[in-house]
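Novice: Quick one: structure below, then a few questions.
The values are calculated or read from the model by the stated rules, or taken from the named source; none is laboratory data. Quantities reported herein were computed from a predicted structural model and do not represent experimental measurements. Cβ coordinates were reconstructed from backbone atoms using ideal geometry, including for glycine residues, and neighbour counts include every protein chain displayed. Remember, those area values only see protein heavy atoms, side chains included, never the ligands or the DNA or RNA. Shrake-Rupley method; radii C 1.70, N 1.55, O 1.52, S 1.80 Å.
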Amino acid sequence: MSNKITIAIDGFSSTGKSTLAKQLAKHLGYVYVDSGAMYRAVTYFAMQNGCITNEFFDKETLINSLPFIKLHFEFNPELGFAEMYLNGLNVETAIRTIEVSNFVSKVAEVSEVRAKLVEQQQEMGKEKGIVMDGRDIGTVVFPEAELKIFMTASPETRARRRYDELQTKGQNVTYEAVLKNVEERDHIDTHRDDSPLVKADGAIEIDNSSLTREEQFEEVLALVYKVSKSL
Ligand code: CDP
Ligand code: CDP
């Protein structure tokens with residue numbers, strides 16, 4: 001297949017976006033960027049540096065610290081995808097905890113944070129042959145993407161999948177806590193003023209509540225071939 005395209009995958013929490021994006025990138029030889037990992041890394045920084053405690057979120061200090069937050073991805077050949085680095089340290093595991101999940105949507109509401117991350121994401125996507133997943137990829141980061149996917153699934157299905165995943169990683173968390181987190185993040189992500197999660201113009205909606213990983217991959221791969229042939 002000759003024509004490389006930009007693929008934007010948006011949707012609610014734990015809908016299988018990154019699973020799909022990784023499969024597509026591997027199959028097509030594209031670069032995969034997990035934009036959520038960047039918001040998680042900024043949140044982790046804020047927690048490590050006293051900008052976030054159980055009592056308060058010191059937005060001003062976080063905003064003033066933004067020039068000192070350096071993010072990059074590094075491809076791990078053993079895993080087959082790129083891992084997130086914060087100021088030179090691999091934070092791939094540290095950013096996936098329920099504690100980070102519980103704060104990340106608050107951090108993602110801050111316009112200064114979004115502006116910094118969107119700029120870096122657009123820079124990474126200058127060359128076609130990229131698949132990026134998140135909440136605002138088809139609306140803000142790459143509104144001109146040739147293929148936009150909007151993923152949905154019922155909250156219970158999503159929480160069950162995420163809970164099972166956290167269990168296999170040995171994280172001590174209840175199903176109820178995961179469901180609460182998924183629902184709270186969906187609410188904040190869809191109601192914030194700056195770049196709320198909405199289905200982008202031209203996006204194709206996929207409800208994968210009853211689709212396996214392989215089925216959703218086949219469905220979207222067929223769309224990629226169709227779009228790139230038409231260019
Ligand atoms: O848990 P899940 O993989 O669904 O989330 P994520 O992709 O890791 O994103 C974590 C959070 O970052 C989201 O709930 C959003 O609040 C925020 N986010 C965002 O605002 N914009 C993006 N493009 C990506 C993530
Ligand atoms: O990136 P996002 O938060 O949207 O979701 P994910 O991390 O790709 O998927 C969340 C969990 O659901 C993972 O454990 C996937 O393996 C699983 N999943 C599934 O069981 N069936 C699907 N059709 C899609 C994802």
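Novice: What 222 nm value per residue comes from the helices of the chain, counting each DSSP H run with n ≥ 4 as -39,500 (n - 2.57) and dividing by all residues, nearest 500 deg cm²/dmol? Kindly include the intermediate steps, with their values, before the conclusion.
Specialist: Details: 8 runs with 105 residues, N = 231.
-14500 deg cm²/dmol, from helical runs alone.
Novice: Still on this structure, please answer the following. Give the accessible surface of the chain per residue, rounded to a whole number of Å², with probe radius 1.4 Å and ligands, DNA and RNA excluded.
Specialist: 50 Å²
Novice: How far apart, in nanometres, would the label points at Asp164 and Glu78 be if each is projected 7 angstrom from Cα along the Cα-to-Cβ direction?
Specialist: Roughly 2.6 nm, to one decimal.
Novice: In terms of modelled amide H atoms, which long-range or inter-chain residues lie less than 5 Å from the amide H of Ile204?
Specialist: Residues meeting the criterion, in which the H sits 1.01 Å from N, are Lys148, Ile149, Phe150.
Novice: Within the accessible area of the stretch 41-120, what % is carbon and sulfur when the probe is 1.4 Å and the other protein chains stay in place?
Specialist: Working: 2220 of 4210 Å².
Looking at the stretch 41-120 in its full context, I get 53 percent from C and S.
Novice: How many lysine pairs are close in the stretch 103-174, with Cα atoms under 27 Å apart and the two 8 or more places apart or on different chains?
Specialist: Eligible lysine pairs with Cα atoms under 27 Å apart amount to 8.
Novice: For the chain, set up a GNM with springs between Cα atoms under 10 Å and report which of Tyr30, Tyr39, Tyr175 has the largest fluctuation.
Specialist: Among Tyr30, Tyr39, Tyr175, the largest GNM mean-square fluctuation belongs to Tyr175.
Novice: Ok, one more. Taking a point 7 angstrom from the Cα of Ala115 along the C-beta vector, which residues in the stretch 187-206 have backbone N less than 17 Å away?
Specialist: 193-196
Novice: Amide H of Phe12: which non-local residues (sequence gap of 5 or more, or other chain) have their own amide H closer than 5 Å, using H built in the peptide plane?
Specialist: Long-range HN contacts for Phe12: Met151.
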